[in-house]
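> Sharing a structure here in structure tokens format.
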Amino acid sequence: QVQLIESGGGLVQAGGSLRLSCAASGRTFERYAMGWFRQAPGKERELVASISWISWRGSITGYAEPVLGRFTISRDIAKNTVYLQMNSLKPEDTAVYYCAGDDQKEKLRGGTPQYWGQGTQVTVSS
């Protein structure tokens, strides 16, 4: 079983930055597609960023339109950790953020990954 442990959420002013971290257990982490979902009150859960392998030591990333240019997803294989750097935060970014992963990127993109973190609250004040 893969366990995902999140950290880094908190309260930040509009225009500020946060970095979320997601540490994964296991030694097969490197083959997983990873992503960050968020769910705000009254809204559906959405995938905001994803990262998956396309070649040896290479990755492809994707972003939801609302965060494009402001958020960056990355991972450190040696540390079994995926990150979400969030810059220029807006009040509408306020949500619970969930780290997620699957060995099939299609499941991640489809919103049904096998593994989920516990969620971390991000609150952006205006």
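The values are calculated or read from the model by the stated rules, or taken from the named source; none is laboratory data. These numbers come from a predicted model, not from an experiment. Neighbour counts run over all protein chains shown; Cβ positions are idealised from the backbone, glycine included. Quick note on the areas: whole protein, heavy atoms, side chains included, nothing else; ligands and nucleic acids left out. Shrake-Rupley method; radii C 1.70, N 1.55, O 1.52, S 1.80 Å.
> I'm told Gly10 meets every condition in (1) closer than 18 Å to Val122 by Cα; (2) touching a helix residue (DSSP H, G or I) at 6+ places or on another chain (Cβ under 7 Å) except one. Can you identify the failing condition by its number?
So the condition that Gly10 fails would be (2).
> What are the pairs, 6+ residues apart or on separate chains, where a residue within the stretch 79-90 that is free of Cβ contacts under 8 Å to residues at least 40 places away in the same chain and farther than 13 Å from Pro66 by Cβ has its Cβ under 6 Å from a residue that is assigned to a strand (DSSP E or B) and polar (S, T, N, Q)?
No pair meets every condition.
> Can you run down the residue pairs with Cβ atoms below 6 Å, 6 or more apart or on separate chains, where the first is in the stretch 54-72 and at negative phi and the partner is loosely packed, with under 12 Cβ neighbours inside 10 Å?
Ile60/Ile54
> Considering only the stretch 57-112, how many residues are open to solvent by 40 Å² or more (accessible area, probe 1.4 Å) and part of a helix (DSSP H, G or I)?
Here the count works out to 10.
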